[in-house]
1. Which of Asn256, Pro137, Val121 sits farthest toward the positive end of the charge dipole of the chain, with +1 on the Cβ of Lys and Arg and -1 on the Cβ of Asp and Glu?
2. Can you pull out the trypsin sites (Lys or Arg not before Pro) in the stretch 161-242 that DSSP calls coil and that have at most 11 other Cβ atoms within 10 Å?
3. For the stretch 127-272, what log10 I(q)/I(0) values come out of the Debye formula at q = 0.11, 0.16, 0.20, 0.21 1/Å, with one point per alpha carbon and no solvent?
4. Could you name the aspartates and glutamates in cross-link range of Lys5, using Cα to Cα under 19 Å and dropping any fewer than eight places away on the same chain?
5. Over the alpha-carbon set of the stretch 191-244, work out the extent along each principal axis and list the three values in angstrom, largest first.
6. Which whole-number percent is the relative contact order of the chain (Cα, under 8 Å, 6+ apart)?
7. Could you give the dipole magnitude of the stretch 191-244 about its Cα centre, charging the beta-carbon of Lys and Arg +1 and that of Asp and Glu -1, in debye to the nearest 20?
8. More than 30 Å apart: what percent of Cα pairs in the chain qualify?
Amino acid sequence: MGHSKWIYDLLLKLWPIYKASFWLGKQPGMEYLLKPVFNQKIHQVTMIPVNEAIADGNQTVMPYSLLMELVEQSSNCFIMHECACRKHESCQTHPIDLGCLFLGDGAAQIHSSLGEICEKVKAKQHIQHGLEAGLYPLVAHTMLDSFTLGISYKRMLTVCFCCECCCMVQGGLRKGPKSFLKVIQPLPGLRFTIGEECGTCGLCIEKCPVGAISANHRGVEINGECKGCGICVQECPNAAIKMEINGKREFLQGFNQRMRSYADITNAQRIG
């Protein structure tokens, strides 16, 4: 069994220190020293641009279907009572009681004082509630969750529902060092295109959390630093930015392979 709520809350008092590491990591000479904190071997995150359709030729793919499939594959589902980010930032915009969803054998270890084990139907409903609340989902496999919850690192995934104002990942995209940015990945095979409707208003440049959009002689362009959050698609007043993939099957296979490389959440096994 994982940490009880009082131990979990005690560990989260380290929150200001972890936030400060984003700033410290950008200071001269400090990024190398703090690189182990943002190591890709212990933190992996994929962003899900869930509120917009992805074009596949004449068809579309809704990214939230990827999350539903993860729930179907999972051996266990656990819903947290609170979002740690919004609680510690005293969020005034989004619900604090809409917490992360944990999947896999590790989810069965989370202490009951922090939330509840649930059926897959309820887990899917929780995802829908997060989307309806206007939150950005991401799938994470991070040692930070394992440490604070006291659960197995190897067999768990987290589905977070993030707001731009409080989310540690969103904040890290804007303020964190390059080593942290490498932890965050877009969906495999996802690309963004800019159509002739672009009015070069510059709103997408302003809103992009990683500065991946810039102006050029044709209008704007998106470079390889893009993390696939989809914020630019939502913010564009002319609907000029589109998300595309080459083949739904390859897209789904790429996502599933990525998730398996993070952790095996299927087929419950005894965790010693």
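1. Asn256
2. For trypsin sites (Lys or Arg not before Pro) across the stretch 161-242 that sit outside H, G, I, E and B with at most 11 neighbouring Cβ atoms in 10 Å, the list reads Arg218.
3. Here the Debye-derived log intensity ratios amount to -0.51, -1.02, -1.42, -1.50.
4. The qualifying aspartates and glutamates are Glu82, Glu89, Asp97, Glu116, Asp145.
5. 23, 20, 18
6. About 26 percent, as a whole number.
7. In total the dipole reaches around 100 debye.
8. 29 percent
Rule-based calculations on the coordinates, nothing more; no lab input. Quick caveat: nothing in here was measured; it's all calculated off a predicted structure. Ideal geometry is used to build each Cβ from the backbone, glycine not excepted, and the neighbour counts take in all protein chains shown.
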